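Chemist: My structure is below; once you've seen it, I'll send some questions.
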Amino acid sequence: MDRPRPADACVELAAGLHAAVAPGIQIGDHLERSGATGFVSNILDVRTFRRRTLPAPVYAISPDARWAVSPDFRRLHDLRPGYGYAGILDPNRDVLRPDNAGIWKTDLYSGRTELILSISHVSALPG
């Protein structure tokens, strides 16, 4: 594997996938398919070059590099082809306002993932 550029540089690791960069700590090439159920993220520690896999996609990494957020890419592809990622079916394709899809937060150390904003919650907001 080639050594990455300095962590403060914006890096694109794969065509169509924008790397999430946390200065000095981690670079993530997100959205690798994992079976039929979802996506995973590959995280590279730029100091040790240790690579590990998280059980969820990464769209953006927090400034302190402790957590990341991501939309449900299955749902996004189902509703806006070309913005999500093909290959894994949206389990809620027949549900207008699912309560188990939305914006997810992943702890980058433990891999723990939680739904922090559901589509059903947003659809219930006034306005």
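Chemist: Filtering region 34-43 down to residues that are of a type outside the set (Val, Ile, Thr) and in a strand (DSSP E or B), which residue is surrounded by the fewest Cβ atoms within 10 Å (Cβ to Cβ)?
Modeler: Filtering first and then ranking leaves 34.
Chemist: Same structure, new question: If you go through region 86-118, how many residues are surrounded by fewer than 18 Cβ atoms within 10 Å (Cβ to Cβ), within 12 Å of the chain's Cα centre (by Cα) and in a loop (DSSP other than H, G, I, E, B)?
Modeler: 1
Chemist: Let me ask you something else. Report, by residue number, each residue of region 71-85 that is among the basic types (Lys, Arg) and part of a helix (DSSP H, G or I).
Modeler: The answer is 74, 75.
Chemist: Check region 59-67 and report whether any residue there is out of contact with any helix residue (DSSP H, G or I) (no Cβ under 7 Å at 6 or more places or on another chain), open to solvent by 80 Å² or more (accessible area, probe 1.4 Å) and of a type in the set (Phe, Trp, Tyr).
Modeler: yes
Chemist: Considering only region 76-84, I want to know if a residue exists there that is open to solvent by less than 90 Å² (accessible area, probe 1.4 Å), closer than 18 Å to residue 113 by Cβ and charged (D, E, K, R).
Modeler: No, region 76-84 contains no residue that is open to solvent by less than 90 Å² (accessible area, probe 1.4 Å), closer than 18 Å to residue 113 by Cβ and charged (D, E, K, R).
Chemist: Any residue in region 60-88 that's among the hydroxyl-bearing types (Ser, Thr, Tyr): show its pairings with residues that are surrounded by 13 or more Cβ atoms within 10 Å (Cβ to Cβ) and assigned to a loop (DSSP other than H, G, I, E, B) at Cβ separation under 8 Å, as long as the two are six or more apart or on different chains.
Modeler: 70/56; 70/57; 70/58; 70/59
Chemist: Here is a further query. Every residue in region 44-70 that is modelled with pLDDT of 80 or more and not in a loop (DSSP other than H, G, I, E, B), please.
Modeler: Those that are modelled with pLDDT of 80 or more and not in a loop (DSSP other than H, G, I, E, B): 51, 52, 53, 54, 60, 61, 67, 68, 69, 70.
The values are calculated or read from the model by the stated rules, or taken from the named source; none is laboratory data. None of these values were measured; they are calculated from a predicted model. Here the Cβ is made from the backbone with ideal geometry for all residues, glycine too, and neighbour counts use every protein chain on show. Surface areas here come from the heavy atoms of the whole protein model, side chains and all, with no ligands, DNA or RNA. Shrake-Rupley method; radii C 1.70, N 1.55, O 1.52, S 1.80 Å.
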